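Student: Provided herewith is a single structure, encoded as structure tokens, for subsequent inquiry.
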Amino acid sequence: MSASSTAVPMPRAAAALPGPLRRRLQAWWLGRHTPSDTLLLTQRNVYILPTRAGLMFGATLVVLLLASINYQLNLGYVLTFLLAGSGIASMHLTHNTLRGLTLHLRPPPPVHAGAAARLDIALSGPPGGRARHGIGLRMSTNADSALAWTDVPAGAHAQAQVGCVMPARGWGELPPVILETRFPLGLFRAWSVWRPASRVLVYPRLEFPAAPLPAAHASAAPGPAQRQRPEQGGETEGLRAYRRGDSLKQVLWKKSARPLAAGGDLVSRDTATAVQHELWLDWQQCAGLPPEERLSRLAAWVVAADGQGADHGLRLPGVEIPPSQGDPHRRRCLEALALWQ
Amino acid sequence: MRAGDRPFLPRWPGWQHLPRDTRDTLFLLAVIAWTALPHLLRLPAWCAAMTAGTLLWRARLALVGAPLPGRRVLAAVLLVAAALTQWSFGSVLGREPGVALLMVLMALKTLELRARRDAFVIFFLGFFLVLTHFLYSQSLPVAVAMLGSVWGLLTALVLAHMPVGRPSLRTAADVASRTALLGAPVMVLLFVMFPRVGPLWGVPQDTRAATGLSDSLYMGSVAEIAQDDRIALRVRFPDGAPRPEALYFRGAVMSRFDGNEWKPQSTDFPAPQPGAELRLDGPALRYEVTLEPTRLPWLPMLDATPELPAIDGLSTRRRDDLSWATNRPVTERLRIAATAYPGYVLGPLEPDPALQALRRLPPGFNPRLLAWAGEFGRRPDLAGADASRQAAAVLAHIRTAGYSYTLAPGLYGDTDPLGALDEFWLDRKRGFCEHFASAFVVVMRALGVPARIVTGYQGADPDPVDGYHLVRQSNAHAWAEYWQEGRGWVRADPTAAVAPDRVERGNRLLPPPGALAGALGTVSPRLLAQLRGLWEAVDNRWNQWVLNYARGQQLDLLERLGVHSPSWQDLARLLAGAIGALGLAGAAWAAWDRRRQDPWRRQSLAVAKALRRVGLPAHPHEAPRSLAAQVRQRHGHAGAAVAGLLEELDLRRYGRHAEARPSRGWLARLRREVRRLG
């Protein structure tokens, strides 16, 4: 993710500079924005420029002034100068809307590659401050995406969520967050650039459409079969994916509802005989695919197996996770897939 | 969109229950309607109807939630509006057509509110529309109404930048007024300091809308003004006011007559008349006059004002006929201090060939009047009489021959275009000042006496307001001057002969009062008079302080600030200096504000520093409670006061009723106690 460090939006004019100078400028620019999960917006890191509407407003003022001069309208002067004064005041108000804000990023949850990471950002003003309106946030990488708008009430916190599509698995660096406002008159745009320090754990992309889960093998499963499940007499019940030939009685209709809704299979009751059956999701089962696609398929299987509540183990070159189930297990498997090699 | 799709208008759900977009749109439409309202009476009916109709249509679309019409419809409507403008005004350029088009354009633009850019266009058009009102009137009520408009427009602009939830109009209005109030110092500074210059290029003249005196005298034109109760000028006499009949403000002197219309001598070219001279007799009368814009190229000044002070951006010249001409129409309010000499003598005193032109009458016009004059001149008592005896005889005729003064004499010259004055003088005998003055001058010329018409203002309100005598448009007057050898030009006011009231007391001709004023007037005439007086005092202050503020006042201000013989460059320098100072002050404030960011943290630093002085290894991040414990441990009983204070701080900062900001007094007390401890 080295691309993200260059993605800090530089002033547009910088692009025209010769190489070495641009690199120095970039280094300086990056130096100004050290990554952190909490950022206090001050004079130093809030920028402001007139918007296109602001320039239009300036042109309007010039025309109003010319009309006032030419028709010798003292009230025209009053109007022109009142608007000019309001425009100048609005510049300060726009800047004030951001200045003094504290941004805090909650640790972002892991996400699959290609899906959007959801960043929860808490905004708060200094104690005893005033309400702030019309603050928009977006990731710097998707310039044309809609801003997530929020207001920060006086003396309270506000939440904003921005999404960011993570391209590749592994520890993904977050692109800088742009915070902007045009409040109150839209004549100026104040913005700030924030580089969050947190990284997102990105699981491999889920294969789509997902290949069917491999069959669970009773004995062919190599390696130590460490069943954690306590056995209760011979009546132990397990779950497994529906297989052809399962009788209707074997199908657990209630438990099937969720996987079915997620596009999966029916779930059948696995009676005592299935205790030995272990679902191994193995690197070797995806032979013939490039490594990333193998990881994608394995990740999809992990998710599917977890959705069906089936015990599953994961075997990667150099990694072996014994069969189990539940949230921690699923996370462990996906993490292994995300960080493999 | 077919009408059958939805009810024509949905039930009004109440302001609170409208969807936000609908509410915002309706609010903006209301602001636009309020801004357009004063224009509706001034503009042609089609324009008013089109604007109102478009706004109502848009309001309905907003309420029903129907889609906006396509661009093709809008373009068609705009074309129709342009065609109607051309038809009404004969042009699409100029002030009036411009305002009409602006109104329609603004209304149509509301039908195109799609993107943010469209909204901005509406706001900027709105500010222009506000400005156009000032072309017609800059009075206090207009200013207040337009302040409301600007406030409304700013509020709508703020609303457009509050994307979250459903902010109340009040919140947005508060923000708008806060913005405007913060900008007010800049406004005052710029208004006071911005160097006033004259018009940059020729102002398009619009005689249609011009009020006050006109630049020619045509039957009936003064009657319209006589009913106009607006103020034409204000005059103040520092040494005491003269009697009203002495108040003749000379405007244009009309000596060219084509049978229907009197016009001023176009120019003194090629050279001033050699015999034209002015002798100033009698006491001087100092006065200060504030003239409303006349939009005419002369200044009505008291008879006779020999000299005017230099007026910035306007060059003035006294013509031979004692009128004060300017190099351009006067579009600004002027305040002029001058001295008049009511007992003046205006030459030439000897016969002069130039006077011949002032005996000339257009051939073929008013034959009966000329015949009457010929007969009148042959009266035995006038044989060999001089001009003043002849004039006295004509005035006596006016007094005795059954003439009456009326503001509504009807049109003369309708039946016989060549005999308008015949009809007045011999048949109907009803008229106002311009009829009398014009007939008098024709008769005098027919008698061989050079004569001319003087237009201007005569008289003033009897009671001064705030020390100012008010001269209204209804004081507009026309009188005559005839020339007599040895005496020069002599004023004769034939209107005084028939309606002495009009002249001697300077009484204005009051039109019937409006319904409310009428009712109030019958209940309590004194209250009405007092209200009127109060209003006029306020209006006068407004005029003196705001509208009359010009280059002269700016330079006076500089002089009072200690600049010797200031120029506009000084003004510009001062303005730049003031803006620079404001910028520096802003930078200083920003620096201070940065320090202010976290007052608690600053206090913690101060506390830690104070405690370290007595040997306690305190860190700013330590809680006051733990610091208190350290103090107690180290200093025992002696440290109880300091520890107590620290525990108090703990409560103040983290307790149930935690304070938002540290109090100053607490830190001072702590420092005192710490010093005692050390």
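The values are calculated or read from the model by the stated rules, or taken from the named source; none is laboratory data. Please read all numbers here as calculations on a predicted model, not as lab measurements. Cβ coordinates were reconstructed from backbone atoms using ideal geometry, including for glycine residues, and neighbour counts include every protein chain displayed. What goes into the accessible areas is simple: the full protein's heavy atoms, side chains included, and nothing from ligands, DNA or RNA. Shrake-Rupley method; radii C 1.70, N 1.55, O 1.52, S 1.80 Å.
Student: Can you tell me how many residues within the range B:83-140 are open to solvent by less than 30 Å² (accessible area, probe 1.4 Å) and more than 14 Å from chain A (Cβ to nearest Cβ)?
Tutor: Adding up the residues that qualify gives 10.
Student: Does any residue of the range B:28-46 turn out to be surrounded by 15 or more Cβ atoms within 10 Å (Cβ to Cβ), in contact with a Leu (Cβ under 7 Å, 6 or more places away or on another chain) and not hydrophobic (A, V, I, L, M, F, W, C)?
Tutor: yes
Student: Collect the residues in the range A:263-293 that are touching a Gly at 6+ places or on another chain (Cβ under 9 Å) and at pLDDT 75 or above, keeping them in residue-number order.
Tutor: Taking the range A:263-293 first, the residues touching a Gly at 6+ places or on another chain (Cβ under 9 Å) are A:264, A:267, A:269-272, A:274-275, A:277-282.
If the condition is that a residue be touching a Gly at 6+ places or on another chain (Cβ under 9 Å) and at pLDDT 75 or above, then A:V267, A:L279, A:W280, A:L281, A:D282 are the ones that fit.
Student: Within the range A:48-57, how many residues are within 14 Å of another protein chain (Cβ to nearest Cβ), touching a residue at least 40 places away in the same chain (Cβ under 8 Å) and either of a type in the set (A, V, I, L, M) or part of a strand (DSSP E or B) (or both)?
Tutor: Kept after step one, since they are within 14 Å of another protein chain (Cβ to nearest Cβ), are these residues of the range A:48-57: A:48, A:50-57.
Those still in the list that are touching a residue at least 40 places away in the same chain (Cβ under 8 Å) too: A:48, A:50-51, A:53-54, A:57.
Still in the running and either of a type in the set (A, V, I, L, M) or part of a strand (DSSP E or B) (or both): A:48, A:50, A:53.
The total comes to 3.
Student: Give me the pairs: first residue in the range B:174-189 and within 8 Å of chain A (Cβ to nearest Cβ), second residue of a type in the set (S, T, Y) and surrounded by 20 or more Cβ atoms within 10 Å (Cβ to Cβ), beta-carbon distance under 7 Å, and six or more apart or on different chains, which are they?
Tutor: Pairs found: B:A176/B:T155; B:T179/A:S86; B:T179/A:S90; B:A180/A:S86; B:G183/A:S86.
Student: Still on this structure: Please determine, by comparing only the residues of the range A:66-108 that are among the aliphatic types (A, V, I, L, M) and part of a loop (DSSP other than H, G, I, E, B), which one is farthest from A:L185 (Cα to Cα).
Tutor: That would be A:L73.
Student: I would also like to ask the following. Residues in the range B:141-150 that are at the interface with chain A (Cβ under 10 Å from one of its Cβ atoms) and either under 9 Å from the mean Cα position of the chain (by Cα) or open to solvent by 10 Å² or more (accessible area, probe 1.4 Å) (or both): how many?
Tutor: 3
Student: List every residue pair whose Cβ atoms lie under 8 Å apart, where the two residues are 6 or more positions apart in sequence or sit on different chains, the first residue falls within the range A:86-97 and is more than 7 Å from chain B (Cβ to nearest Cβ) and touching a residue at least 60 places away in the same chain (Cβ under 8 Å), and the second residue, located anywhere, is crowded, with 21+ Cβ neighbours inside 10 Å and β-branched (V, I, T).
Tutor: The qualifying pairs are A:T94/A:T181; A:H95/A:V46; A:T97/A:I135; A:T97/A:T181.
Student: From the list A:T42, A:T34, A:T60, which one is part of a loop (DSSP other than H, G, I, E, B), among the β-branched types (V, I, T) and facing chain B (nearest Cβ under 7 Å)?
Tutor: Unique residue meeting the criteria: A:T42.
Student: B:L605: in contact (Cβ under 8 Å) with a residue 60 or more places away in the chain, out of contact with any helix residue (DSSP H, G or I) (no Cβ under 6 Å at 6 or more places or on another chain), more than 12 Å from chain A (Cβ to nearest Cβ) and over 30 Å from B:L555 (Cβ atoms), yes or no?
Tutor: Spelling it out, it is not the case that B:L605 is in contact (Cβ under 8 Å) with a residue 60 or more places away in the chain, out of contact with any helix residue (DSSP H, G or I) (no Cβ under 6 Å at 6 or more places or on another chain), more than 12 Å from chain A (Cβ to nearest Cβ) and over 30 Å from B:L555 (Cβ atoms).
Student: Considering only the range A:110-166, state which residues are assigned to a loop (DSSP other than H, G, I, E, B) and of a type in the set (A, V, I, L, M, F, W, C).
Tutor: A:A113, A:A115, A:A131, A:A143, A:A146, A:L147, A:A154, A:A156, A:M166 - these are the residues of the range A:110-166 that are assigned to a loop (DSSP other than H, G, I, E, B) and of a type in the set (A, V, I, L, M, F, W, C).
Student: Among the numbered criteria (1) within 28 Å of B:G282 (Cβ to Cβ); (2) in contact with an Asp or Glu (Cβ under 7 Å, 6 or more places away or on another chain); (3) in a helix (DSSP H, G or I), which one does B:R389 miss?
Tutor: So the condition that B:R389 fails would be (2).
Student: Take A:W171 and tell me if it is assigned to a strand (DSSP E or B), at the interface with another protein chain (Cβ under 10 Å from one of its Cβ atoms) and open to solvent by 10 Å² or more (accessible area, probe 1.4 Å).
Tutor: no
Student: Using beta carbons and a limit of 6 Å, which pairs, at least six apart or on different chains, have the first residue in the range B:451-467 and modelled with pLDDT under 85 and the second one aliphatic (A, V, I, L, M)?
Tutor: Between residues of the range B:451-467 that are modelled with pLDDT under 85 and residues that are aliphatic (A, V, I, L, M), the close pairs are B:G459/B:L247; B:A460/B:L247; B:A460/B:V471; B:D461/B:L470; B:V465/B:A537; B:D466/B:A537.
Student: Let me ask something else. Residues B:L574, B:L584, B:L561: which one is farther than 15 Å from B:L670 by Cβ, at pLDDT below 85 and under 47 Å from the mean Cα position of the chain (by Cα)? Show your work before the answer.
Tutor: Working: B:L574 fails: at pLDDT below 85; B:L584 fails: at pLDDT below 85.
Exactly one residue qualifies, and that residue is B:L561.
Student: Pairs under 6 Å by beta carbon, first residue open to solvent by 90 Å² or more (accessible area, probe 1.4 Å) in the range A:245-269, partner not in a helix (DSSP H, G or I), six or more apart or different chains?
Tutor: Once the first residue is open to solvent by 90 Å² or more (accessible area, probe 1.4 Å) and sits in the range A:245-269, its partners that are not in a helix (DSSP H, G or I) give A:K255/A:V267.
Student: Give me the helices (runs of 4 or more DSSP H) completely within the range B:20-115, filtered to those with at least 3 residues that are closer than 29 Å to B:R166 by Cα, ordered by residue number. Steps first, please.
Tutor: Values: elements: B:20-40, B:45-64, B:71-89, B:95-109.
By residue number, B:20-40, B:45-64, B:95-109.
Student: So in the range A:115-124, with the set limited to residues that are of a type outside the set (D, E) and open to solvent by 30 Å² or more (accessible area, probe 1.4 Å), which one is nearest to the other protein chains (Cβ to nearest Cβ)?
Tutor: Step by step, filter the range A:115-124, then rank; the result is A:R118.
Quick grid of which residues meet (1) within 14 Å of chain A (Cβ to nearest Cβ); (2) closer than 27 Å to A:G129 by Cβ; (3) in contact (Cβ under 8 Å) with a residue 24 or more places away in the chain; (4) among the aromatic types (F, W, Y):
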site: B:A618; (1), (2), (3), (4): no, no, no, no
site: B:R634; (1), (2), (3), (4): no, no, no, no
site: B:R652; (1), (2), (3), (4): yes, yes, no, no
site: B:A660; (1), (2), (3), (4): yes, yes, no, no
site: B:R664; (1), (2), (3), (4): no, yes, no, no
site: B:A668; (1), (2), (3), (4): no, yes, no, no
